[in-house]
Every structure is written in C-alpha cells, then in structure tokens.
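Heads up: the structure comes next, in structure tokens.
The values are calculated or read from the model by the stated rules, or taken from the named source; none is laboratory data. This is a predicted model, so every value here is computed, not measured. Every residue, glycine as well, gets a Cβ built from its backbone with ideal geometry; the counts of neighbours run over all protein chains shown.
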Amino acid sequence: MILFIEGPRGCGKTFLINQFIEECTDPRLEYYKFYFANHVKSLGLAKRDNDPSLHYFSLGNIMTILEMNQRPQYADRIWIFDRALISAYTWAVLRGRLELEEAGIEYMKIMESDLFRNCKTLYVTVDRQTGDSNRVKDTWDGAHSTQIETDQLSHFFGLGFDIIGSSDRGNAGTIIKNNFDQQSVDIFKSSCYQLLGIKPNK
C-alpha cells in the first residue's frame, strides 16, 4: 500500500509526515522521499529545466514505486511517499516541460493503468495567500506562488478524482487544510490512520 502526500510548497508536508511517523509504530511503515531537486543540482540538470527529459527523470522514480507496490513480496509494506504523480505533472506544466493537455492525457493513462491500485492520496492545502518567498531550499523556491501551484495541483487531483477515490481499486483520497496548529497535526494523523486502515497507537 502507498500513501501519497501531495500539496504545494510550504504547506508543511514534511513536518506533518514526520509527526505521523514519530507516533505510528506500525512495523510495516516505510517513509520514502525522492530528493529530486538535490539530484538535479548534483547532476547538473538544472539547464534542462524546460525539457521533458527532466519530467521523465522524476516520473521514472514514481513508476518504480508503483511497480514495487504491485509485487507480492511487498504486499505487507506501507509506503509513505512525499509527492508523486500529481506533483510531477503539476511541475511539468508549470515549468513548461509538457503542455497541459498532453500532461493530462499522459497522467490519466497512468491513473487508469493497473499500476494505480492500493494507493491512498492525502492532499494538504493551505490558505491561498500563503507563499514560499522566504523558503530557499532548492532551485524552484519562489518560482511560482502557492496559489498558482495549488491551482495546478487541484486540476490534476480533480482530473483523477474518480480513480483516486476508487474503492474497487483499493484506493482512497482526502483533502485537509494545514493551519499550522496542533489541530491540523491531529487531523493529518487521523487522516493517515483512516486512509491506511490502521489503528492509532494507544
């Protein structure tokens, strides 16, 4: 099973994930984050920013995780994946790597394939006026406002909504808002437990 955590930059995904992982002691749990920006920098790929090849560099990693999720030897694992398909296609469009229509067609082909099964999606939102102007972690910080990124993320979430929430495929999805308070942390944790079908620690 995979739990995809999606959301715009600065929405607190990593912090919320860490809060959940610190609390949840289920031995099946594995956290994975592909450090895309670090790899782009270390390999000198930033010059390809607007090239489709950079999109497929990101996508190849996601496809690998989706394939592993279907293999019997990993059937008892629970993967928490920081950003995935929705983010990959959002940024492909934002950076001009793919046209919106082309990205939508390709995205839906993956969503409709047998790979996107037993996948849970938790989409974290923030107030639309929130920006990442003070965040300087990688090449793309400040490249787009939170509002613009959220609009694109919401487009792809909506496009694949029926499949994201398809119980027939073992999928489920939900949206929460991070107000950067303890209540938001508690809601995030509760949503993770519910989506994964595991009980909170006593």
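When segment 1-20 is examined, which residues are found to be modelled with pLDDT under 95 and of a type in the set (V, I, T)?
Hit for segment 1-20 is T14, nothing else.
Which of (1) within 20 Å of L195 (Cα to Cα); (2) over 17 Å from the mean Cα position of the chain (by Cα); (3) at pLDDT 95 or above does D76 not meet, given it meets every other one?
Failed condition: (3).
Across segment 82-125, what is the number of residues that are in contact with a helix residue (DSSP H, G or I) (Cβ under 6 Å, 6 or more places away or on another chain), among the hydroxyl-bearing types (S, T, Y) and more than 21 Å from N178 (Cα to Cα)?
Qualifying residue count for the region: 2.
Give the residue that is farthest from S113 (Cα to Cα), with candidates limited to residues of segment 151-192 that are of a type in the set (A, V, I, L, M, F, W, C), free of Cβ contacts under 8 Å to residues at least 60 places away in the same chain and surrounded by fewer than 19 Cβ atoms within 10 Å (Cβ to Cβ).
So the residue we want is I187.
Does R117 fit the bill of being under 27 Å from L159 (Cα atoms), part of a loop (DSSP other than H, G, I, E, B), at pLDDT 95 or above and of a type in the set (D, E, K, R)?
Values: under 27 Å from L159 (Cα atoms): yes; part of a loop (DSSP other than H, G, I, E, B): yes; at pLDDT 95 or above: yes; of a type in the set (D, E, K, R): yes.
Spelling it out, R117 is indeed under 27 Å from L159 (Cα atoms), part of a loop (DSSP other than H, G, I, E, B), at pLDDT 95 or above and of a type in the set (D, E, K, R).
Looking only at segment 84-124, filter to residues that are polar (S, T, N, Q) and buried (at least 17 other Cβ atoms within 10 Å of the Cβ); which one of those is farthest from the chain's Cα centre (by Cα)?
Checked segment 84-124; the qualifying residue farthest from the chain's Cα centre (by Cα) is T90.
Out of contact with any Leu (no Cβ under 8 Å at 6 or more places or on another chain), closer than 21 Å to F180 by Cβ, modelled with pLDDT under 95 and among the β-branched types (V, I, T) - does that describe any residue in segment 25-47?
Within segment 25-47, none of the residues are out of contact with any Leu (no Cβ under 8 Å at 6 or more places or on another chain), closer than 21 Å to F180 by Cβ, modelled with pLDDT under 95 and among the β-branched types (V, I, T).
I'd like the residue in segment 7-62 that is acidic (D, E) and over 17 Å from the mean Cα position of the chain (by Cα) and, out of all such residues, is surrounded by the fewest Cβ atoms within 10 Å (Cβ to Cβ).
Step one: list which residues in segment 7-62 are acidic (D, E), which gives 22-23, 26, 30, 49, 51.
Next, from what is left, pick out any that are over 17 Å from the mean Cα position of the chain (by Cα): 22-23, 26, 49, 51.
On the way: E22: 9, E23: 13, D26: 12, D49: 15, D51: 14.
It comes out as E22.
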